[in-house]
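So the structure is just underneath, and the comments pick up after that.
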């Protein structure tokens, strides 16, 4: 695309976003150049930089937050004996909308996927092991998706976290095979939480 050489760096930047292919990235680039004012662009750049600088991972559960410890981990009213394990912060947000769970979370930051070169050491699993050694934790609920990566991750976690007085369960699946938690509706998520099964 030699005729768009002047836009290539901007197009390439937009293509780094998930679900954005070359056509969409090109549309975004033209929108920025032709429609946005210099003030709009300056504000957009400022918001991007501030967001990246101010958002961090909770030191307890690894969820995205603006403070050292997230609001969920810091909430004294949460049930401290349950930890629900999810892939990312988007899953926490989806599950919180159901208002069916009042325990703590643990965000892995991805799923085990050998084909993509992602192993257990690339995820936030060691911190989960440490948290589960605390005898006050009575149940770990695995809420990874029903995909090969999600199943591999769940089986691995079940194996390494197993101890006699720790119940390890898996959320029930009203969620379709191959589906992601973030796209499921609230009713499906409620059903999945209430019908979790012991492993």
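Summary table
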| item | result |
| --- | --- |
| Kirkwood hydrodynamic radius (C-alpha pairs) into Stokes-Einstein, the stretch 75-198, 20 °C and 1.002 mPa s, D in µm²/s | 148 |
| Inverse mean reciprocal Cα-Cα distance (Kirkwood Rh) of the stretch 2-54, Å | 12.0 |
| Extension reserve of the residue 12-residue 50 stretch, reckoned as 0.36 nm per residue once the Cα distance is removed | 11.5 nm |
| Angle between the chain longest axis and helix 148-161 axis [Cα atoms, degrees, rounded to 10] | 40 |
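Read-outs throughout are calculated quantities, based only on the coordinates presented, and are distinct from any laboratory measurement. Please read these numbers as outputs of a predicted model, since none were measured by experiment.
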